[in-house]
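Written below as structure tokens is the structure these notes are about.
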Ligand code: NAP
């Protein structure tokens, strides 16, 4: 397979990069100073793209690679891939479902605890020596809070199961009511937010779910409500989120993702009711290794004419 051209879109995992380099003819897109010219030169040799949640395969790049056969994403989210175009052109698409679910759900619970119990502020309090001057103020209880989940998929469900262990009643919104759960379904995000103390975004990013958390939803969640986003930045209207937090119309937020990563609105930096993470939902050594093996396994299956491990298209 050493002769097969694979285009890696951006740095994502050193083990994956090394293994791709060993097994295929690897091109590193981000190192190309003239990307248009590079694509034109390699148009006949690139047969696979490896992307992630930052950079995938848009219509332009797909159109400029006539020999492209497969897009293998180092992510479960498919929002950076033009799936319609891939379908039209018969290009296969794979992602990394299931293997990252636990990590993302763990982190969502961590964010809920961190925001309500002010864990990051408490840590600063100890390190700065402020504790010697007096005790930290009281915070907010997490156990028993009503957790509302947007998108009861793999990650949403894993968050629900974890939150249940904290005696949290679970509410959810998705496009349809699920038959196999007793969690309370709401037919709109505003209704979900009105009936939840903590609102968690865990759905896929699509044109329909862009800004699914808007001003109306934030107002419904209210000044004691907390927003947790472990989905994608564009799920939340970030400008509205900043105003809601600054004006005290929303109680707090725990955010792993942002609209224009790695840019984060600086107005959030001074707010103690906000916990900010650099998109690390699946970022553990263990999970990233399994994700990388899945990307490699899908590419090898494809080029050996075997069934794909995690096919999307
Ligand atoms: P999944 O199993 O496919 O679940 C996606 C959910 O989105 C489904 O429950 C689906 O519910 C819901 N959904 C889709 N369109 C919707 C709409 N218009 N309105 C409401 N809900 C909608 O995917 P997953 O494995 O749980 O992953 C979910 C997302 O998490 C990924 O797409 C990715 O963006 C994000 N993620 C983030 C990180 C991170 O590092 N922070 C890591 C991994 C994944 P219905 O079909 O019932 O509507």
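Specify which of the listed residues (244, 301) is outside any strand (DSSP E or B), without any contact (Cβ under 8 Å) to a residue 12 or more places away in the chain and more than 13 Å from the ligand (Cβ to nearest atom).
Details: 244 fails: without any contact (Cβ under 8 Å) to a residue 12 or more places away in the chain.
Only one candidate qualifies: 301.
Can you go through 67, 89 and tell me which one is touching a residue at least 24 places away in the same chain (Cβ under 8 Å), in contact with a helix residue (DSSP H, G or I) (Cβ under 9 Å, 6 or more places away or on another chain) and either surrounded by fewer than 23 Cβ atoms within 10 Å (Cβ to Cβ) or not assigned by TED's automatic domain parsing to the domain that holds residue 24 (or both)?
Working: 67 fails: in contact with a helix residue (DSSP H, G or I) (Cβ under 9 Å, 6 or more places away or on another chain).
89 is the lone residue from the list that is touching a residue at least 24 places away in the same chain (Cβ under 8 Å), in contact with a helix residue (DSSP H, G or I) (Cβ under 9 Å, 6 or more places away or on another chain) and either surrounded by fewer than 23 Cβ atoms within 10 Å (Cβ to Cβ) or not assigned by TED's automatic domain parsing to the domain that holds residue 24 (or both).
Is the range 155-172 home to any residue that is farther than 20 Å from residue 230 by Cα and surrounded by 14 or more Cβ atoms within 10 Å (Cβ to Cβ)? Scanning the range 155-172 turns up no residue that is farther than 20 Å from residue 230 by Cα and surrounded by 14 or more Cβ atoms within 10 Å (Cβ to Cβ).
Report, by residue number, each residue of the range 122-152 that is in a loop (DSSP other than H, G, I, E, B) and free of Cβ contacts under 8 Å to residues at least 24 places away in the same chain.
Result: 128, 129, 134, 135, 136, 137, 138, 139.
Quick grid of which residues meet (1) farther than 15 Å from residue 13 by Cα; (2) under 27 Å from the mean Cα position of the chain (by Cα):
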{"residue": "44", "(1), (2)": "yes, no"}
{"residue": "48", "(1), (2)": "yes, yes"}
{"residue": "52", "(1), (2)": "no, yes"}
{"residue": "57", "(1), (2)": "yes, yes"}
{"residue": "60", "(1), (2)": "yes, yes"}
{"residue": "68", "(1), (2)": "yes, yes"}
{"residue": "71", "(1), (2)": "yes, yes"}
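Listed here are the strands (runs of 3 or more DSSP E) enclosed by the range 10-112 that have at least 2 residues being within 16 Å of the ligand (Cβ to nearest atom) and within 30 Å of residue 228 (Cβ to Cβ): 70-73, 92-94.
It is to be established whether one or more residues within the range 275-286 are buried (at least 22 other Cβ atoms within 10 Å of the Cβ), touching a helix residue (DSSP H, G or I) at 6+ places or on another chain (Cβ under 7 Å) and part of a strand (DSSP E or B). Yes - at least one qualifying residue is present in the range 275-286. Scanning the range 129-171 for residues that are touching a strand residue (DSSP E or B) at 6+ places or on another chain (Cβ under 7 Å) and over 24 Å from residue 236 (Cα atoms) yields a single hit, 164.
The values are calculated or read from the model by the stated rules, or taken from the named source; none is laboratory data. Because the structure is a prediction, the values reported are computed rather than measured. Methodologically, a virtual Cβ is constructed for each residue, glycine included, from the backbone with ideal geometry; neighbour enumeration extends over all protein chains shown.
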